[in-house]
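Contents: one structure, followed by commentary.
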Amino acid sequence: MPATTSLIKDYYDLEARWFTRHSAEGGFQNEDGSDFPVSVTNLLRSLKYRAAAAGAKTLTNYLAGITGYHEKILKETSWKENVRMDPRITEYIKTLRGTGDVGLIREKYRREGENRRLRDRGTRH
């Protein structure tokens, strides 16, 4: 397995482990006590739980990791369509971002990164 593929799989596993560690405490386990596959209700609960300590970008990365875990590891090919893209999830993420335009958010982070690099470059001699 190429190194990049291994890193991606590790990231999916990392997010799945976070979910498993916090599911009982946060109240987002399935009715049968299992963690996966994650339902819309439990995904929304986990996002709200995690939002207390994380920003919208972190939550977006978390969603990517959980989605990848379902698709690549659990082979739940319809999970993204049926759960991740559910209007309750997408609306919640939009409210955290303050905008519905993902492109604007990405542009903002790109600009902030460029500004930071320019600022750092100016302070080095």
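The values are calculated or read from the model by the stated rules, or taken from the named source; none is laboratory data. Source: prediction; values computed, not measured. Using ideal geometry, Cβ is built from the backbone for each residue, glycine included, and neighbour counts are taken over all protein chains shown. These accessible areas exclude ligands, DNA and RNA; they are computed on the full protein's heavy atoms, side chains included. Shrake-Rupley method; radii C 1.70, N 1.55, O 1.52, S 1.80 Å.
Being surrounded by fewer than 16 Cβ atoms within 10 Å (Cβ to Cβ), more than 14 Å from the chain's Cα centre (by Cα) and touching a residue at least 24 places away in the same chain (Cβ under 8 Å) is the requirement here; does K48 meet it? For K48, the condition - surrounded by fewer than 16 Cβ atoms within 10 Å (Cβ to Cβ), more than 14 Å from the chain's Cα centre (by Cα) and touching a residue at least 24 places away in the same chain (Cβ under 8 Å) - is not met. Consider the range 68-96 and keep the residues that are within 16 Å of K57 (Cα to Cα) and open to solvent by 50 Å² or more (accessible area, probe 1.4 Å). The one that is modelled with the highest pLDDT is E91.
Of all the residues in the range 1-38, those that are among the small types (G, A, S) and surrounded by 16 or more Cβ atoms within 10 Å (Cβ to Cβ) number 3.
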